[in-house]
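Here the structure comes first, spelled out in structure tokens, and everything after it is commentary.
Quick note: the coordinates plus some simple rules give every number you see, no bench work behind them. From a predicted model like this one, the values you see are computed outputs, not experimental measurements. Every residue, glycine among them, receives a Cβ derived from its backbone with ideal geometry; neighbour counts consider all protein chains shown.
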Amino acid sequence: MTVSTAVAIVLAVLSTTITNLAYLREHDAAAALPVLSMRRPLHSLQLLVGDRSWLLGFAMESSGFLLYAAALALASLSLVQSINAGGIGVLAYVSARMGRRHLGRRELTGVVLSVLGLLALAVSLVGGSGAGGRGSTAAILLWLGASGAAALLVLVLGRALLGRAAAAGIVGGLFFSIGDISTKLVTQGGFRIGFLLTLVLGYSLGTVLLQLGYQAGGALTVAGLATLLTNALPIAAGTIVLDEAVPSGAYGGLRILAFAAVTAGGFFLASPAGKAAS
């Protein structure tokens, strides 16, 4: 493992911890505000920025993003994102402590899987660096377009089928995944700085959807679903469209198991049982 990869891991751990703590603060602040609506964006924005607690949470989330971008400049998207996936364990633990309750069986399973996945990832790094690839711009655009189309479809149909909180979490996660992939592309420089547009659009829409979801459900429900998609999709995109290498042999198999474990951990934490508990 190179020095740059080691630094990226430390930055990613700090990023995911700060970001998930920010989600909890934003949730509590947004839930206490009058009803937010996408039909009245300026009024809703005024309510949010006028709340000091929400602003502090947003400042924490922004700091987490800067650390995340720095980590992406040093390592591959799939590597950094898999570390971020483990942050949902932080979200589950702190939300349980703040709510003065014990984690349920499914939540504990999710936390354990996330931690085991991170340990497996650390071992797999012995078999190769965390360097990233560039991939095909056409394939990347197709991936981002498909993610955006899926988000719009869930936005239209999801509220009736899944409920407001779950739909907002899913759509927010899809938009955040667009922002995460775009962040990696921007760090590559050159003409890919143009992906700054999809970066801003993805994070802006994702943030809006999360605030709406926070008023309809618990932090673990909304942010848990968002985090699941925010991590699973970029991890897949790193291998599929960015051509990020996976180590060969046993280390490669361990890396794949690590990615699967952190994704499964997010699934259990964002499951219906987890929603009820939150």
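Key figures for this structure:
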{"item": "Principal axis dimensions, the range 1-41 - Cα atoms, whole angstrom, descending", "result": "49, 20, 8"}
{"item": "Sorted largest first, extent of the chain alpha carbons per principal axis (Å)", "result": "53, 44, 34"}
{"item": "Charge-dipole axis of the range 1-97 as Lys and Arg at +1 and Asp and Glu at -1 on Cβ define it, positive-most pick from SER62, LEU33, VAL3", "result": "LEU33"}
{"item": "Crossing angle, helix 105-124 versus the chain [Cα axis fit, 0-90 degrees, rounded to tens]", "result": "30 degrees"}
{"item": "Relative packing of 177-186, 43-52, which averages over residues the other C-beta atoms within 10 Å, highest first", "result": "177-186, 43-52"}
{"item": "Only Lys, Arg (+1) and Asp, Glu (-1) charged, at Cβ; the range 3-277 dipole about Cα centre in debye", "result": "520 debye"}
{"item": "Karplus 3J(HN,Hα) series, Hz, for the range 58-68 with 6.51 cos²θ - 1.76 cosθ + 1.60 (x for Gly, Pro)", "result": "5, 5, 5, 4, 5, 5, x, 5, 4, 5, 5"}
{"item": "Mean ellipticity per residue at 222 nm, deg cm²/dmol - from DSSP H runs of n ≥ 4 across the chain, formula -39500 (n - 2.57)", "result": "-27000 deg cm²/dmol"}
{"item": "Euclidean distance between Cα centres, the range 1-53 to the range 213-248, Å", "result": "16 Å"}
{"item": "Normalised alpha carbon radius of gyration of the range 189-235 [divisor 2.2 N^0.38 Å]", "result": "1.40"}
{"item": "Within a Gaussian network of the chain (alpha carbon springs, distance under 10 Å), most fluctuating of LEU228, LEU33, LEU108", "result": "LEU33"}
{"item": "Full-extension gain in nm, ALA138 to VAL7, via 0.36 nm per residue minus C-alpha separation", "result": "44.1 nm"}
{"item": "Environment charge of SER37, counting only residues whose C-beta is closer than 14 Å and scoring Lys/Arg +1, Asp/Glu -1", "result": "+4"}
{"item": "Label-point gap, in nm, between SER53 and ALA250 - each point 7 angstrom along Cα→Cβ", "result": "5.1 nm"}
{"item": "Mean separation of Cα contacts under 8 Å, 6 or more apart, over the residue count of the chain: relative contact order %", "result": "29 percent"}
{"item": "In degrees, nearest ten, helix 219-240 long axis to first principal axis of the chain (Cα)", "result": "30 degrees"}
